[in-house]
Structure formats: structure tokens, C-alpha cells
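Contents: one structure, followed by commentary.
None of the figures in this text is laboratory data; all of them are computed from the coordinates on show. As the structure is a computational prediction, the values presented were derived from the model and not from experiment. Note that each Cβ is placed from the backbone with ideal geometry, even for glycine, and that neighbours are counted across all protein chains shown.
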Amino acid sequence: MAEPEFRAGFGCLVGRPNAGKSTLTNALVGEKVAITSEKPQTTRRAIRGIVNRPGAQLVLVDTPGLHRPRTLLGERLNDLVAETWSDVDVIGLCVPANEPIGPGDRFIVRALQGVRGTKLAIVTKTDLADRQTVAQQLLAVSALADFAEVVPVSAVSGEQVELVAELMIGQLPPSPMLYPDDVATDEPTRVRIAEFVREAALEGVRDELPHSIAVLVEEMTEETTRGGEPLTRIYADLYIERPSQKAIVIGRGGERLRRVGAAARTQIEQLLGTKVFLDLHIRVAKEWQRDPKQLRKLGF
Ligand SMILES: Nc1nc2c(ncn2[C@@H]2O[C@H](COP(=O)(O)OP(=O)(O)OP(=O)(O)O)[C@@H](O)[C@H]2O)c(=O)[nH]1
């Protein structure tokens, strides 16, 4: 009998902020590529996580949460989402098991109408709800639209993660491998490093700040320490919008910024496999979310 044909293609997980898209992406890929945070809308870039399985490769694009645009950044994000959606083979709508379906979910379902790829519904965080609640959520989600599959999953316990992978892969066309199979993501390293810093900087700050933070890696050099160990020097700028936010980010006596640096450095060292020297510089970019020139500079 002939070997089954290799399948490969693109997929993406969508859903309202905090639905669990990044966590599920990480669970499917098996490596930390998308940042997660308890704060909504932390995922600003389309990060491709690559799910390699025997006979198949699913290139997962983790889009930012779709939301009603209030700023230019909001509009750019929505354009990015629409562009991504019309370009993939399979879309998984994520809805948390432990929260009622709301206007945010319906807004996305409406936006999904007319998008070409096959749509699956994924009920996430099943470890946070009892069986009956999960069952009710599966029914409620099924009623939202005509999904090819409706599947419950917990990215944290790992339950059903493989089934989600299988169902998404099942929608991919026969195709040769799209990326070498030892690559987890094609996101440029600098962007991943910037995301680690941003994630660390968001940890524990008040609600108003998250949208005001952006990180840009300005310089990266490799050298060898006197002990013969490889060392990467990274100079990164952390952008805030107002001078008054400086104190929040830096903390008393610089203590908060040091913790941010230490947390980010641990992640970066893991990613690069070298010792890392991380220099964080706070810069004020006034109203950068509304300024096209600043947005371009920051990669949007
Ligand atoms: N218990 C539990 N928590 C989860 C699960 N999946 C995600 N979470 C948590 O839910 C929160 C949001 O998860 P994310 O993966 O960041 O959600 P997201 O949809 O990517 O969020 P945005 O980037 O804001 O759009 C985080 O605190 C996760 O740890 C799960 O399966 N079980």
C-alpha cells in the first residue's frame, strides 16, 4: 500500500482576548513561542508556531484579538486579523468553557462569516469547568455557527490537545513540508526577544499600562567570555507613552526594572542557549499608538 500523502498548510486560532489561544498554541507546538498573560490583548504580532507531526505540518498563525477599533493601532490589528484569516486552511474559534458566550464571541463569529478556511470550534480551559458546564458550552458554541467540528480541550492539563492537532491537520491539503521540521517558529529572534521583555514588563502592572508598552531590540552582538563561554549582548528599548509611566515601569530604586530584566533574561537564555547580558532602556514615545511613523518603527 502507498504511504499516505504528506499534508501541510496554515491554521490559526481566533477568539476574544484571554480565550486561551496563546496557551493552546504553545501546547500544540510543544515549545514556548507565543507569550501568555492574564491581561487581555497581549498578543500583538502574528506569531507562527509550527506543529510537526508524523506525516503532517501545521503552520499556526496566532493572531491578535479582534476588537472594535478605537485607535490606529486597533485598526491595524483588525486589518492584520482579517488578512490572516482569509489566508489559512483551518480556523479554530476558541471559547473558554468557564465563561458565558458574550458579545465579543458573537462579534468574532460574525467576522468569520465569509472566511474561506474550514472552521472548528474549540472549547478551551475545560479543567476550569465541571463536565456539565463543558457539555452546555459545547451545545451553546455549536449553535453559534456551522462548525466542521466542536471539540473541548485543556491546554494546561494537556487533555485533548492531540485531538485538536489531529482535527486541524485533517483540514490541510496534501502538500510537501513548508518549513524545515526542526524549526518551531519563523518569527525573527529579535521579535521573540522583544516579546519576552514585554511579557515580563506587563507582569503585575495596572490595567492602564499594558497598551502603552512596546519593546524594540536595538542591538544584538555575540562574543565569548574570558572563560570561553558564548555571551549575547542585547540592547533593548522599552517604549512607554507618558513620562509619568516611567516610575511605574522602573519601580522604587529601579527594583521593578531589575526584576523585569532578570525574568526576560532567563527566557532569552533558554531561547538562545547562551549567557545573556540584557540592557533595558526606557524611552517615551508620546502617543505612539496613534502615530503611523512610530507604529512603522515598532514593526506594525
Ligand atoms: N486553567 C487553565 N488556564 C488556561 C488554559 N488556557 C489558558 N489559560 C489561562 O488563561 C489566560 C489567558 O490565556 P492566553 O493563552 O494568554 O489567552 P489568549 O487568547 O492568547 O489571550 P490574548 O493574547 O489576550 O488574546 C492565561 O492566564 C492562561 O494561563 C487552560 O487550558 N486551563
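Karplus-based coupling profile of region 264-269, in residue order and whole Hz: 5, 4, 4, 5, 5, 4, with θ = phi - 60° in 6.51 cos²θ - 1.76 cosθ + 1.60 and x standing for Gly or Pro. Taking a sphere under 15 Å around the Cβ of Ala148 and counting the other residues whose Cβ falls inside, with K and R at +1 and D and E at -1, yields a net charge of -2. Other residues with beta-carbon under 12 Å from the beta-carbon of Thr232 carry, at +1 per Lys or Arg and -1 per Asp or Glu, a net charge of -2. Each peptide in 115-127, 270-282, 94-106 was scored by the mean count of other Cβ atoms within 10 Å over its residues; highest first, the order is 115-127, 94-106, 270-282.
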